[in-house]
Amino acid sequence: MAELPPYTPDNWVIVEITYKDTAFYKVLAGWSGGYLDGDSWRMNSGITEVEEKEDYYLFYGQSGSVYKCWKEAEKTRINMGEPLAIIEANDMAKVVEYKDIKNELKQK
């Protein structure tokens with residue numbers, strides 16, 4: 001099977017979800033739209049592996065997806081407004097910085 005090209009968002013954050021005292025992590029990615037198409041977002045299936053490059057990270061998901069996330073693009077923007085509102089209202093989920101969970105992701 002040929003490897004799919006990675007999703008490359010304009011901005012991204014890591015979401016930590018806690019369920020039954022176990023934390024797992026997902027990439028929440030956003031794309032800024034243009035005149036004809038609106039902003040969009042997607043969340044991966046759960047991070048299974050991270051590969052760190054000089055300027056970006058490759059986040060591998062449980063479904064086989066790959067997200068190429070530029071280091072300087074780790075931030076929230078309006079294109080993530082809807083999912084962020086849900087995350088903030090949910091006691092089981094929160095946005096975390098990659099640098100704060102880097103070691104936890106490498107232990108998987």
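The values are calculated or read from the model by the stated rules, or taken from the named source; none is laboratory data. The model shown is predicted, which means the values in this text are computed figures rather than measured ones. Here Cβ is always computed from backbone atoms with ideal geometry, including for glycine, and neighbour counts include all displayed protein chains. Just the protein is used for accessible areas: all its heavy atoms, side chains included, with ligands, DNA and RNA removed. Shrake-Rupley method; radii C 1.70, N 1.55, O 1.52, S 1.80 Å.
Which of the residues spanning segment 1-19 are in a loop (DSSP other than H, G, I, E, B) and in contact with a Ser or Thr (Cβ under 9 Å, 6 or more places away or on another chain)? Steps first, please.
Of all residues in segment 1-19, those in a loop (DSSP other than H, G, I, E, B) come to 1-6, 8-10.
Correct list: 4, 6, 10.
Could you run through segment 20-52 and say how many residues are open to solvent by 60 Å² or more (accessible area, probe 1.4 Å), in a strand (DSSP E or B) and in contact (Cβ under 8 Å) with a residue 40 or more places away in the chain?
The number of residues fulfilling the criteria is 4.
All but one of (1) open to solvent by 50 Å² or more (accessible area, probe 1.4 Å); (2) in contact with a Lys or Arg (Cβ under 8 Å, 6 or more places away or on another chain); (3) modelled with pLDDT of 95 or more hold for residue 74; state the number of the condition that does not hold.
Just one mismatch for residue 74, condition (2).
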